[in-house]
Structures are given as C-alpha cells and as structure tokens.
Amino acid sequence: MAVKNIMIVGVGGQGTLLTSRILGGLAIEAGYDVKLSEVHGMAQRGGSVVTFVRYGENVHEPIVEEGQADIIIAFEKLEALRYAHFLKKDGALIVNDWRIDPMPVVIGAAEYPVDIIENLEKEYNVFSVNATEEAKKLGNSRVFNLIVLGVAAKHMDFTQQQWHDVIKNTVPPKTVDINISAFNAGYGL
Amino acid sequence: MAQLKKVIMLGNEAIARGAYEAGVKVSAAYPGTPSTEISEYLVQYKDSLYCEWSPNEKVAAEVALGASIAGSRAMACMKHVGFNVAADPVYSISYIGVNGGLVFVVADDPGLYSSQNEQDTRMVALAAKLPVLEPSDSAEAKEYTKLAFEISEKYDRPVVLRITTRLAHSQGVVELCEPCTDTDKPYVKNIAKTVMMPGNAKLRHVVVEERNSELAQAADTMAINRVEMADTSIGVITSGIPYQYVKEALPNASVLKLGMVNPLPKQLICDFASKVDKLYIVEELDPVIEQQVKAWGIEATGKEIFSLLGEYSANIIRKAILGEDVDAAQPAQVPGRPPILCPGCPHRSVYHTLKKLGMHAAGDIGCYTLGAVAPLQVVDTTVCMGSSISSLHGMEKAKGREFIKNWVAVIGDSTFMHTGINSLMNMVYNNATGTVLILDNSTTGMTGHQDHAATGKTLMGDATYAIDIPALCRAIGVKNVVTVNAFDTALLEKTIKEEQQKEEVSVIITKAPCVLLTKGKKPFCVVDSEKCKGCGLCLKPGCPAITKQADGTVKIDDTMCTGCGLCESLCHTAAIKLVKEG
C-alpha cells in the first residue's frame, strides 16, 4: 500500500494531539509502519498547529509536505485555508465550520477571510461540519474533535469497530462514552 | 535479549525507554522544549530508577556526574540552550570521564518551534570533545540511548545523544526489550581521575585525546555508521532526521548514514566518497560533518545548496539536489496565527496593568515572553533564563535610577528558581533599586506544567518542602517583598507605583495558578449586547475569547472563556457578566 498522508490542523489547545494519537494507534493496530509528528511547547499556545500522520508499508519522513496530503482534518476554518495547498489533487478536506479569530484579527490588524468554505469548495473536495455546535448538543463542546474525526473516518479504510477500539484505548477512561458518541455522530453525518 | 512487543512511541518516550532498558539509575533534568517529555516518561519506571527535576541544567549535569562517579549509569536531559547552562561542568566532566555510563541527552530546535536561538549542539560537543550519537527515528532513539551507555563505559567518555525537535516530537514504531540488570559498578577512589586541579587535568587531557582517537578508529566499523550502496551517481552522507528526508527524496541514491557524528569514521567516509560520482552532505544547521570531510580534501557539496537555517524536508532535498519543484497549489494569503497567552492566563492581567502604567519590562523565558506580542507589547527584552533581573540591573548602572523608573523585570517562578535567584542576589549586593515581578503561576507553564523547587512536589510525585519564594527573597536581603493576586489589577497597579518609588530593590510576586492547571468545566463571561457600547476597552488585553462583531459590539466565545473576569473588570457599562454554570 502507498503511504497514506494525513494532516490535522487547528489552533493550539484544540486537541490535535489526541486526534493524531488515535490515528496512530489505529494504523499500528492494523499492522502498518507509522510515523506521527506533533507540536509541543510555545507554538502550542493558541498558535496555528499542524500534526502529521503517515502510515503504510515503510514510512521514512515523519512530515507531510505540500501537495501530498490524502486527508486534511481542520478543526478551524482559517487553518483549513492556511494548509489546503498541502492536499493532493483528489484529497479530502474535512473542515470544522468554526471560527477562532487570530490575534492580528482581534486587534484589527488583519481581516478574517470571508466565505472560506465556499471558496475552498471551488478547488477542493470539502466536507464541512459545525462540530462545535454538534458537540454542544451532546453536552460537551470539547469533544468536537471526535465528531470531525468521525467525518474523516468515512474517507479511510478502517471499520467502525476498529475506530471504537482505538478510541477506548486512547482517551481517558471516564470520557470513553462521550468520545464514542461524538465519533458516531460524525460518522453518521 | 527477549523481544517483548511493538508499540508506537514519541522520540522522547523511546529515549526514556532506552534509558530504562540500559539500566539507568539516576536521571536529572530541567524542563525545556523539546526535551521535557523524556523525564516525564521516565517516571513510569520509578521502581527501578530515580529521576528528578533539578533547578537548572548545570545542577542536573552535576547530579548525573555524581551518580556516574559513584558507579551507576546516569543521564541528564536538556534542550540545546540548557547545554550552555551545563557547559561549565560538562567541559570538565569530559576530562573526568565516567565510572557508570554517563549520557547527556541534548535536544536542538531547528526551525525554532520553542526556543530563543538555533544553535547546533554538535558544535558544543566538538568543543567539549564529547562523542555524539544521533538517532533518526524512535526505534533508533531507544537503541542509541542504550548504545550511548555502552560506548560511554567502554571508552570512558561521557556521550551526547543529540536529537532535534522533529525526532523528539515524532512518534514511530519501537520494539520493547527487557531491561539490563547488574549495570552498577563499585565506587573506586581515584583522585587523579576525579579531582580536576591543574596537575590532574593536564594528564586527563592526554587520556581524552587518546580515547577519542580510539573511538574514531572504531567508528569505521561501527554498525550504526552504515553504508547503503545503490545507484552510485549520487552519494549522500547524512545523519539523524535528515536521513529520513534523504531516503524519501532520493530512494535510489547511495547513502552513508552516520549514527555517530563525532568522532567521524574517516576511512569509511573516504571509501564511500571514492565510490560515488557526486557526493552530497545533508545536515541541518551547521556544516559540522561537511567542514571535517572537506578538510580531508574530499570534494563534496553541502551548504553551497543547503540552508544553515531551519528544518529540512524531502522537498527541500529534491529541489536542491535534483532541481525538482513541488507540484502543489499556491498557499492562500491568510492572517498569521502566532502563539498567544491563553484565555484566563494570569500573565495577561499583569501585562495589561504594566501597559496601563506605561511600563517597559525586561523579560525572561516562559509563556510570559508572549507579553512582547501585540496588543500587549510590554516586554522589551528576552534573552535567556534569569536574564530579566540582571539586564534590568545593567540598565540602571548604565543610565541611572531615573531611567528604570518605568521599567520592571518580569520572571516566572520556575525561571526564578532556575537562575533568577543569582541575578536578584546581584541586585541586592550591588545596591540596585529596581523592581522585579515574579509571575508565580505555581508551575513551569510553557513546557507543559512541570513541578519545581517551589511547588511542593517532585518529578516522581513525592510531596516535598515547597521553597517559600517571598522568604527566599527576604533571606537574600530584599526588604520589600509584596505578594498580590495577579487578577487584582487595582491593587497590583497601586503596589507597582509604590514599590517603584523606593530606593532599594523590590520584589512583587503576582500570584495566580496557570489556568491550564485545573481541568474541567470553568465559568465563563457573557456579553449583554444591549449594554455593550462597542468601546473596545475589553479588547485591549488581547484575550482570544473576545471578538468584535460587525455591529461593533463584542462577543465572548464560551468554549474558550475561563471566567477570569479581567474583561468584566474593564467594562464601563456593566455589559459583561460572569456565568458560573454553563
């Protein structure tokens, strides 16, 4: 199998690490070679963060480069726009339809781009979901990332059971049920 | 050795596992991205080893040295700039050598994800005459850690395990092994080896050169210096993470992968160079391999086509060596998203107060360095751990008391314990009059919440005495020590004004725990859009949870807000209200 390239992009603190670890666990359980690359430290403090997951027969480079991503999972729409050019021509862009203003926008030094999702749809295969609102309906706005992951899962070759098993092994024990519900909500959309 | 199972591990986690499997008895460290997690992952093996947070890297290196002299395998872990702090002992430990194996794990940060410079540890190791191993993925991180201890003991050399951010923070597949047992050696009194006074050190220097020369000989046949012969039109010498980029970009090229980058295997390199038509050297940061290879008269291409800056990638190598451009869409022009202080961060409240007072701050290393970023922009200087206090002192000595009347030094609690205390002693000793703010959030925040000497808990989770920072300041002679709640902006403003008037050193401790220390649902603020006049006062501290809407009124994102109440205290029209339960 050709190496599968996945990127998870978002704002520091949105849970990109948890999501990439679920993906990494899934790939190794399925018997693949896998590499993940994460961001820690200062860059994580509310900044733009990107995590890479690569799996297949034999993975060398731990990062995904421009034009190589099969799937980009974006937890925030400006970050989807920032990294969209990393997608392959036929890649899938999963976007949380959620806006977090970066500081240059907060202080009026820059404008938040308008119609991001509409514009991305003109060039890419976009699958958008307002996961933050969906998560609030489930009673915990912080599990939005599992909803987005559920949407992304439909573009990958793992069974729903495989996903459930690895989620159970990755998230804190007390949060297994809510995370599985969130994943299912995304998967069912 | 029995193989246990395959797991996926962060590079740092694999180093911790390697240390455990190598039978390490003592590990000491000060947190520093990207090295922090090594110590955090070591804790799980606490039944068979001891690990600690030391107040700084110099102390950590000396703790490890002591353990080694006593006869146990030991290591100290730090980021590249921490290696500078440890440099004083490290250069002389190089002469002493080891009894139990001794390894310094040093993490460089090409691309400056979380650092103040981009220095190359291999240069420091060269100057200190230390062997350097460099793994290229998690599996090697574990194996090289074990090998480092073997080399250390076999050649009587402390060994540097050099990693970079990309290795430290990438996960890869690792095969677990059983730990070594019986690695301990007896202590043998040997003054000539362990007392570095001139007469002894002179003789030890001879040993250092002899042992390094033996190691250089052995390097030619070491398994971790590996030739992968393929198409001979292109040959690449590389090491560490760049090896992975080379394999991705040039799958058919011949590669000499160096697992040990100091000393270099001269014969192996000469042989490899003679077998390929065109030789490239691919190494991030400084041309450490390249300069030595070229000094031997070998023709090679390196920094002529590769940058001295930042990280590499397969695309960069394709472009530089093959002239291939990337086939991808152009990036969109979008506003940047630099790192910022979190919503509810107590530092924001302190900086907002300083800004209101028109103050400048000599800054330090930690989350609070972000006080230099718009809209706060209060921090004028940041250099290294502890430098805020000493540089404020230097300003006063240069320009006088009047000049620093609108200046303070700001330093975090962990950084103060690291090296800030020395600078404060200097202020007292040399009759300074400046004001120091210790932003005490009860943790080492930036690196992900590690304990330190003033938190009351050790790395291994044991309760301990929490050094009393106000008492410590008084003990070294600071007469004016005031503690203020970081969110009490009115009291903080009054206190800063008062302390600035005093003609002696003042320390103001602004206390409030890091907002990320407590998990779970937090209260949040809401805006009454009827009452909001759109004045923008609440936007001034730059809280990312508050945004201005098209109609000029503000909105608070309840998924981000933590209910710190700073914006509520700033609102003149009582439009912002705290909601306790969501």
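The values are calculated or read from the model by the stated rules, or taken from the named source; none is laboratory data. Keep in mind that what you see is a predicted model, and the values were worked out from it rather than measured. Counting neighbours? That spans all protein chains shown, and the Cβs are built from the backbone with ideal geometry, glycine included.
Scanning the range B:407-419 for any residue that is outside the structural domain of B:TRP53 (by TED's automatic domain parsing), at pLDDT 95 or above and more than 22 Å from B:TYR351 (Cα to Cα) turns up at least one such residue. Taking first residues from the range B:42-55 that are at pLDDT 95 or above and partners that are surrounded by 18 or more Cβ atoms within 10 Å (Cβ to Cβ) and in a helix (DSSP H, G or I), the Cβ contacts under 6 Å between residues at least 6 apart in sequence or on separate chains come to B:LEU42/B:ALA16; B:TYR45/B:TYR20; B:CYS51/B:SER39; B:CYS51/B:LEU42; B:SER54/B:ALA60; B:SER54/B:VAL63; B:PRO55/B:MET417; B:PRO55/B:HIS418.
As a summary of the residue check, A:PRO102 satisfies the conditions (1) surrounded by 24 or more Cβ atoms within 10 Å (Cβ to Cβ); (2) more than 8 Å from every other protein chain (Cβ to nearest Cβ); (3) of a type outside the set (A, V, I, L, M) except for the one numbered (2).
Considering the range B:539-559, the residues that are outside any strand (DSSP E or B) and more than 27 Å from B:GLU493 (Cα to Cα) include one that is nearest to the other protein chains (Cβ to nearest Cβ), namely B:THR559. Among the residues making up the range B:528-559, those that are buried (at least 20 other Cβ atoms within 10 Å of the Cβ) and within 21 Å of B:PHE487 (Cα to Cα) are B:CYS538, B:PRO541, B:GLY542, B:CYS543, B:PRO544, B:ALA545, B:ILE546, B:ILE556. Kindly evaluate A:GLY108 against the criterion of being on the phi > 0 side of the Ramachandran plot, surrounded by fewer than 20 Cβ atoms within 10 Å (Cβ to Cβ) and not hydroxyl-bearing (Ser, Thr, Tyr). Yes: the conditions hold for A:GLY108.
Considering only residues that are free of Cβ contacts under 8 Å to residues at least 40 places away in the same chain and acidic (Asp, Glu), look in the range B:429-472 and name the one that is nearest to B:GLY366 (Cα to Cα). The qualifying residue nearest to B:GLY366 (Cα to Cα) is B:ASP468. Looking only at the range B:391-415, which residues are without any contact (Cβ under 8 Å) to a residue 60 or more places away in the chain, in contact with a helix residue (DSSP H, G or I) (Cβ under 7 Å, 6 or more places away or on another chain) and within 23 Å of B:SER114 (Cβ to Cβ)? Once the filter is applied, which keeps residues that are without any contact (Cβ under 8 Å) to a residue 60 or more places away in the chain, in contact with a helix residue (DSSP H, G or I) (Cβ under 7 Å, 6 or more places away or on another chain) and within 23 Å of B:SER114 (Cβ to Cβ), the range B:391-415 yields B:ALA409, B:ILE411, B:GLY412, B:ASP413.
Listed here are the residues, each with its yes/no results for (1) in a strand (DSSP E or B); (2) surrounded by fewer than 14 Cβ atoms within 10 Å (Cβ to Cβ).
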site: B:LEU459; (1), (2): no, no
site: B:VAL482; (1), (2): yes, no
site: B:LYS494; (1), (2): no, yes
site: B:GLU498; (1), (2): no, no
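Check whether at least one residue in the range B:505-521 is at pLDDT below 95, touching a Lys or Arg at 6+ places or on another chain (Cβ under 7 Å) and within 20 Å of B:ASP488 (Cα to Cα), and report yes or no. No, the range B:505-521 contains no residue that is at pLDDT below 95, touching a Lys or Arg at 6+ places or on another chain (Cβ under 7 Å) and within 20 Å of B:ASP488 (Cα to Cα). Any residue at all in the range B:320-341 that's assigned to a loop (DSSP other than H, G, I, E, B), surrounded by 14 or more Cβ atoms within 10 Å (Cβ to Cβ), touching a Ser or Thr at 6+ places or on another chain (Cβ under 7 Å) and not assigned by TED's automatic domain parsing to the domain that holds B:LEU167? Among the residues of the range B:320-341, at least one is assigned to a loop (DSSP other than H, G, I, E, B), surrounded by 14 or more Cβ atoms within 10 Å (Cβ to Cβ), touching a Ser or Thr at 6+ places or on another chain (Cβ under 7 Å) and not assigned by TED's automatic domain parsing to the domain that holds B:LEU167, which makes the answer yes. All but one of (1) within 14 Å of chain A (Cβ to nearest Cβ); (2) surrounded by fewer than 22 Cβ atoms within 10 Å (Cβ to Cβ); (3) part of a loop (DSSP other than H, G, I, E, B) hold for B:GLY344; state the number of the condition that does not hold. It fails just one condition, (2). Taking the range B:447-505 as the range and being within 14 Å of chain A (Cβ to nearest Cβ) and at positive phi as the test, the residues that pass are B:GLY448, B:HIS449. The range A:79-175 holds helices (runs of 4 or more DSSP H) entirely within its bounds, and those carrying 1 or more residues that are of a type in the set (A, V, I, L, M, F, W, C) and in contact with a Ser or Thr (Cβ under 7 Å, 6 or more places away or on another chain) map to A:103-106, A:116-123, A:131-137, A:144-153.
In this structure, B:VAL81 does satisfy being in contact (Cβ under 8 Å) with a residue 40 or more places away in the chain, surrounded by fewer than 24 Cβ atoms within 10 Å (Cβ to Cβ) and within 17 Å of B:ASP120 (Cβ to Cβ). When restricted to residues that are over 30 Å from A:HIS60 (Cα atoms), of a type in the set (A, V, I, L, M, F, W, C) and in contact (Cβ under 8 Å) with a residue 24 or more places away in the chain, the range B:153-211 contains 5. Just one of the listed residues (B:THR573, B:THR518) is out of contact with any strand residue (DSSP E or B) (no Cβ under 7 Å at 6 or more places or on another chain) and free of Cβ contacts under 8 Å to residues at least 12 places away in the same chain, namely B:THR518. Within the range B:207-221, the residues that satisfy the criterion of being among the aliphatic types (A, V, I, L, M) and crowded, with 17+ Cβ neighbours inside 10 Å are B:VAL208, B:LEU215, B:ALA216, B:ALA219. Only residues that are in contact (Cβ under 8 Å) with a residue 24 or more places away in the chain, assigned to a loop (DSSP other than H, G, I, E, B) and over 13 Å from the mean Cα position of the chain (by Cα) were counted in the range A:14-50, giving 6. Is the range A:63-75 home to any residue that is over 25 Å from A:VAL143 (Cβ atoms) and touching an Asp or Glu at 6+ places or on another chain (Cβ under 7 Å)? Looking through the range A:63-75, at least one residue is over 25 Å from A:VAL143 (Cβ atoms) and touching an Asp or Glu at 6+ places or on another chain (Cβ under 7 Å). Of everything in the range A:51-74 that's assigned to a loop (DSSP other than H, G, I, E, B), out of contact with any Lys or Arg (no Cβ under 8 Å at 6 or more places or on another chain) and over 19 Å from B:ALA329 (Cα atoms), which residue is nearest to the other protein chains (Cβ to nearest Cβ)? The residue in question is A:ASN58. Residues that are surrounded by fewer than 21 Cβ atoms within 10 Å (Cβ to Cβ) and not charged (D, E, K, R) were ranked within the range B:500-513; the one that is farthest from B:TYR429 (Cα to Cα) is B:PRO513.
This table checks each residue for (1) within 13 Å of chain A (Cβ to nearest Cβ); (2) more than 27 Å from B:ASP88 (Cβ to Cβ); (3) assigned to a helix (DSSP H, G or I).
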{"position": "B:LEU130", "(1), (2), (3)": "no, no, no"}
{"position": "B:ALA141", "(1), (2), (3)": "yes, yes, yes"}
{"position": "B:TYR144", "(1), (2), (3)": "no, no, yes"}
{"position": "B:ALA148", "(1), (2), (3)": "no, no, yes"}
{"position": "B:SER152", "(1), (2), (3)": "no, no, yes"}
{"position": "B:ARG157", "(1), (2), (3)": "no, no, no"}
{"position": "B:ARG162", "(1), (2), (3)": "no, no, no"}
{"position": "B:GLU175", "(1), (2), (3)": "yes, yes, no"}
{"position": "B:PRO179", "(1), (2), (3)": "no, yes, no"}
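Exactly one residue out of B:ALA19, B:ALA14 is within 30 Å of A:TYR32 (Cα to Cα), of a type in the set (A, V, I, L, M, F, W, C), within 14 Å of another protein chain (Cβ to nearest Cβ) and surrounded by 24 or more Cβ atoms within 10 Å (Cβ to Cβ), and it is B:ALA14. Of all the residues in the range B:311-341, those that are closer than 25 Å to B:TYR113 by Cβ and more than 13 Å from every other protein chain (Cβ to nearest Cβ) number 1.
Scanning the range A:4-15 for residues that are more than 25 Å from A:ASN58 (Cβ to Cβ) and of a type in the set (S, T, N, Q) returns a single hit, A:GLN14.
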